[in-house]
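Asker: Sharing a structure here in structure tokens format.
Readers should treat all values here as calculations from the given coordinates under stated rules, not as data from a laboratory. Note that the structure is predicted; figures quoted are calculated from it, not measured. Positions of Cβ are generated from backbone atoms using ideal geometry, with glycine treated the same way; all protein chains shown enter the neighbour counts.
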Amino acid sequence: MASSFSRVLSSKRNIGILSLVGGSVTAGFLLHREHVSAGAAVRRRYPASAEYPDLRKHNNCMASHLTPAIYSKLCDKATPNGYMLDQAIQTGVDNPGHPFIKTVGMVAGDEESYEVFADLLDPVIKERHNGYDPTTMKHPTDLDSSKIQSGHFDERYVLSSRVRTGRSIRGLSLPPACTRAERREVERVVVDALAGLKGDLSGRYYSLTQMTEKEQQQLIDDHFLFDKPVSPLLTCAGMARDWPDARGIWHNNEKTFLIWINEEDHTRVISMERGGNMRRVFERFCRGLKEVERLIQERGWEFMWNERLGYILTCPSNLGTGLRAGVHVKLPLLSKDARFSKILDNLRLQKRGTGGVDTAAVGGVFDISNLDRLGHSEVQLVQTVIDGVNYLIECEKRLERGQDIKVPPPLKQFK
Amino acid sequence: AQGAAMPFGNTHNQLKMKYTPEQEFPDLSKHNNHMAKVLTPELYERLRSKQTPSGFTLDDIIQTGVDNPGHPFVMTVGCVAGDEETYDVFKDLLDPVIQDRHGGYKPTDKHKTDLNADHLKGGDDLDPNYVLSCRVRTGRSIRGFCLPPHCSRGERRAVEKLSTEALASLSGDLKGKYYALKNMTEAEQQQLIDDHFLFDKPVSPLLLASGMARDWPDARGIWHNDNKTFLVWVNEEDHLRVISMQKGGNMKEVFSRFCDGLTKIETLFKERGHVFMWNEHLGYVLTCPSNLGTGLRGGVHVKLPNMSKHAKFEDILKKLKLQKRGTGGVDTAAVGGIFDISNADRLGFSEVELVQMVVDGVKLLIEMEKKLEKGQPIDDLIPAAK
């Protein structure tokens, strides 16, 4: 077995004297404190095989791709900020997953995670994003809302329309890894920029630590308030540390453009309104995003983005566009049809309950949104939702009239 | 000196040093725990560049206290140790926390360890009409290994292996079996639940926020003797939690087995080249500062339906240096007038002294209960403060 000592020295950056205790688990070597110079790190180190997580009962993308060989190669590597593999995979180790739902099982602690841990993240990304290969493909970004065709739904069926994404501030660590000062810096940079929004986008920030009871109630009534995460998928990744420090909600006065600060990502940007005017929702979304980007650039900041992965966010599932465009739509008949799931699948759509992810549909009203995030542009994804939802409404109408419906052919994916 | 990148914490010490102490100092304005009372911005500035030899930092210590502001009526500790050296490197924070938590215990005080059960006077005859069961628990940490908030999977597995090997050598009344959490069968699991032995993955945010539930259930398990009177938890909140228990009122027997078992386990570890974390000042070193010293909680489940309704119940318990809990343990309610009564102290008194307090105190409480049953007053029985 190669000496742990030399392997660590060769692969870590910024190390001082690092005394290692190698050997097998049962040998039990021990260095007494007196023999160690002040400031040097002493750790009972084990070979990668002794540290490799037990993933036999696991069903998530990380577990599917983290072989002992990849673990061994990556376990001593650190990003420039000091983020390491064990931290990135902790959420997937702690949450084995569900036999029917495959979670991602890992997060990024900073932009560089996607490079330093590419040997694991690239296959995870490829599996999660239906064959998108980050080593060979480029992701298209397109926020030109004028390209959208149609996009005003029948409001007897569509109750509301919403588009969300996330944006990360380059140079600052992501929520699983950020320090309190970094998180506060994210808040400062974003709130400062948002104060520059004008017209229908002008609005106000509500810090979670300072909001009054009245403000809190109003935000709850508007369905804007986000809570401290309770899902172990998120808490195990460390993104709820120091709650509610530097967390908050900004929204415009018209309550149609909303930004969450320091929840699962640096920012989540949401455009929404009642009714079926998805076209207008997306127009405001694009305009708002571009304006915020311009405002932070004026102050010397930019969003994390690259050609390979598009917009960089905490969870690999949100790479690319990070975009989920959806509607609340009444489909009581269609939802009972045995072909409903297949239709959604072929249209590249997914259903959720009206409480969002992990909730049940109430009164035949579903949240229908795009499945994909990466490898298709924002315009393409929103168009997919528009075309798809129109098709679903057509099906519902046909079923109302006692007519039969057809399962559409599947939309093209990557080669 | 430059520190190595830290593999096991959720914070990065070198990265933080780019920001000023003011920018990093946690907002503790709504907090009520021992850590928040002690941690000033000046102290934060002094300590934030330090780390223990294994890389545990101030922010790691306090994360649980930052994430859990506490309760206006119950004062939590708000900090944990990641290794033995934490208590030394960060003494400027932990000494005042310890002093506050352990009744004024000073940094210069020495702690007495006494695991000789012969020194306990009486305790073999607590009235079984009132005392349903007796139990004594403590914890032990294996020197040289990081503690649950900080340990790697490899270390935790090594602790499990060492512990199970040592326990496998116990014989006679202490002979038993280990049940690894991740390998147990459904039947074994149900039996352990029925015996009230099985521990679950922690759900308390106090524990979760410190990182001690990582990788659950890897390297966690329960060992118990065939008689089901001696039980060891491996890698829950501490490396080892050691529990002696039985139905009835014979605390002396429970404590004898406790001392005997602990001493034997310690010998078995020594034979394998390992010792427990212990020093003259803090006694046995455990993850939570509240469990330093003896780490001992000796208690009974006792029927006190009349006493518990008496206006002076809390006051009497305080004078006897006892505390009450519900029969589900910490944070549960009493059911049917049955209380869990145990010693309130951990540090600054020996094991024998603490169990003596429980024995003497419970005897007195039962005397009072009997008087109240007959409608007689108990004022002449109420002790002066110890």
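Asker: Trypsin sites (Lys or Arg not before Pro), restricted to segment B:230-301: which are DSSP loop and have at most 16 other Cβ atoms within 10 Å?
Answerer: For trypsin sites (Lys or Arg not before Pro) across segment B:230-301 that sit outside H, G, I, E and B with at most 16 neighbouring Cβ atoms in 10 Å, the list reads B:ARG272.
Asker: Please build a GNM for chain B, connecting alpha carbons under 10 Å apart, and tell me which residue among B:ASN291, B:ASN13, B:ASN279 fluctuates the most.
Answerer: Answer for the Gaussian network model of chain B: B:ASN279.
Asker: Next question. Please order A:LYS412, B:LYS16 by the number of other Cβ within 10 Å, starting at the fewest.
Answerer: A:LYS412, B:LYS16
Asker: Continuing with this model, one more query. What spacing in nm lies between the two simple spin-label points modelled at B:ALA333 and B:LYS37, each 7 Å away from Cα in the Cβ direction?
Answerer: Rounded to a tenth, the inter-label distance reads 2.8 nm.
Asker: Using a/c under 1.5 as the rounded threshold, could you call segment B:13-102 rounded, prolate or oblate? The axes a ≥ b ≥ c are square roots of the C-alpha gyration tensor eigenvalues, and prolate needs a/b larger than b/c, oblate otherwise.
Answerer: Judged from the Cα gyration tensor, segment B:13-102 comes out oblate (a/c at least 1.5, b/c at or above a/b).
Asker: List the relative contact order of chain B as a percent without decimals, with contacts defined as Cα pairs under 8 Å and 6+ residues apart.
Answerer: 20 percent
Asker: Percent relative contact order of chain A, based on C-alpha pairs within less than 8 angstrom and at least six residues apart?
Answerer: Normalised by residue count, the contact order of chain A is 18 percent.
Asker: Continuing with the same structure: Where Rh denotes the Kirkwood radius from the mean inverse Cα pair distance, what is Rg over Rh for the protein assembly as shown?
Answerer: With Rh from the inverse mean 1/r over Cα pairs, Rg/Rh is 1.02.
Asker: Shape verdict for segment A:40-129, please, from the Cα gyration tensor: rounded (a/c under 1.5), prolate (a/b greater than b/c) or oblate.
Answerer: oblate
Asker: Chymotrypsin sites (Phe, Trp or Tyr not before Pro), restricted to segment A:51-141: which are DSSP loop and have at most 15 other Cβ atoms within 10 Å?
Answerer: Answer by residue number: A:PHE100.
Asker: Over segment A:40-129, calculate the relative contact order: mean separation of alpha carbon pairs under 8 Å at least 6 apart, over the residue count, as a percent.
Answerer: Taking the mean separation of contacting Cα pairs over the length of segment A:40-129, I get 34 percent.
Asker: How well do other chains shield peptide A:72-85, expressed as the mean number of their Cβ atoms within 10 Å of each residue Cβ?
Answerer: Partner Cβ neighbours, averaged per residue: 3.
Asker: Sorted from fewest to most neighbouring beta carbons within 10 Å, what does the list A:MET278, A:MET84, B:MET184 look like?
Answerer: B:MET184, A:MET84, A:MET278
Asker: Mean residue ellipticity at 222 nm from the helices of chain A, using -39,500 (n - 2.57) per DSSP H segment of n ≥ 4 over the full residue count, to the nearest 500 deg cm²/dmol?
Answerer: So the helix-based figure for chain A works out to -9000 deg cm²/dmol.
Asker: Now, a different point. Could you list B:MET307, B:MET75 in order of exposure, starting from the residue whose Cβ has the fewest other Cβ atoms within 10 Å?
Answerer: So the residues, fewest neighbours to most, are B:MET75, B:MET307.
Asker: Lysines near A:LYS214 by alpha-carbon distance under 29 Å, same-chain residues fewer than 8 away left out - which ones?
Answerer: Straight-line reach from A:LYS214, under 29 Å: A:LYS198, A:LYS228, A:LYS255, B:LYS30.
Asker: Once you place label points 7 Å from the Cα toward the Cβ at A:ASP54 and B:ASN129, how far apart are they in nm?
Answerer: Modelled inter-label distance: 5.0 nm.
Asker: Modelled label-to-label distance, B:MET75 and A:ILE220, 7 Å Cα→beta-carbon offset: nm?
Answerer: Result for the modelled spin labels: 3.2 nm.
Asker: To the nearest 10 degrees, how steep is helix A:118-128 against the longest Cα principal axis of chain A, on a 0 to 90 scale?
Answerer: 30 degrees
Asker: How about chain B: what cysteines have no other cysteine beta carbon under 4.7 Å from their own?
Answerer: B:CYS79, B:CYS134, B:CYS259, B:CYS288
Asker: Name the residues whose placed amide hydrogens come within less than 5 Å of the amide hydrogen of A:GLY248, ignoring near sequence neighbours (fewer than 5 apart) on the same chain.
Answerer: A:LEU208, A:ILE261
Asker: For A:LYS147 and A:LYS102, FRET efficiency with R0 = 35 Å and r from the beta-carbon atoms, rounded to 0.05?
Answerer: 0.60
Asker: Right, something else. Please give the calculated 222 nm ellipticity per residue for chain B, where each DSSP H segment of at least 4 residues contributes -39500 (n - 2.57) and the sum is spread over every residue; nearest 500 deg cm²/dmol?
Answerer: Using -39500 (n - 2.57) per qualifying helix, the result is -9500 deg cm²/dmol.
Asker: Starting from segment B:203-290, pick out the GluC sites (Glu not before Pro) whose DSSP state is loop and whose Cβ has at most 11 other Cβ atoms within 10 Å.
Answerer: B:GLU280
Asker: Given the options B:PHE90, B:PHE230, B:PHE258, which has the most mean-square fluctuation in a GNM of chain B, springs set between C-alpha atoms less than 10 angstrom apart?
Answerer: With Cα springs under 10 Å in chain B, the top fluctuation among B:PHE90, B:PHE230, B:PHE258 is at B:PHE90.
Asker: If R₀ is 35 angstrom, what is the calculated FRET efficiency for the pair B:ARG143 and B:ASP92, using the beta carbon separation as r and rounding to 0.05?
Answerer: After rounding to 0.05, the efficiency reads 0.90.
Asker: While we're here: For chain B, modelled as a GNM with alpha-carbon contacts under 10 angstrom, which of B:ASP67, B:ASP260, B:ASP315 fluctuates the most?
Answerer: Highest fluctuation of the listed residues: B:ASP315.
Asker: Next question. Classify segment A:145-401: rounded, prolate or oblate, from the alpha-carbon gyration tensor (a ≥ b ≥ c, eigenvalue square roots; a/c under 1.5 rounded; otherwise prolate if a/b is larger than b/c)?
Answerer: prolate
Asker: What is the set of long-range amide H partners of A:ALA78 at a cut-off below 5 Å, with H atoms built 1.01 Å from backbone N?
Answerer: Counting only residues 5 or more places away or on other chains, the set is A:ARG13.
Asker: Show me the ranking of peptides A:175-184, B:39-48 by mean Cβ neighbours inside 10 Å, starting with the highest.
Answerer: Packing proxy ranking, top to bottom: A:175-184, B:39-48.
Asker: Sticking with this one: Hey, got the average number of other protein chain Cβ atoms within 10 angstrom for residues in B:153-159?
Answerer: 6
Asker: Hey, can you grab everything whose amide H is under 5 Å from the amide H of B:MET277? Only 5+ residues off in sequence or another chain; H modelled, so Pro and N-termini drop out.
Answerer: B:SER141, B:ILE142, B:ARG143, B:VAL285
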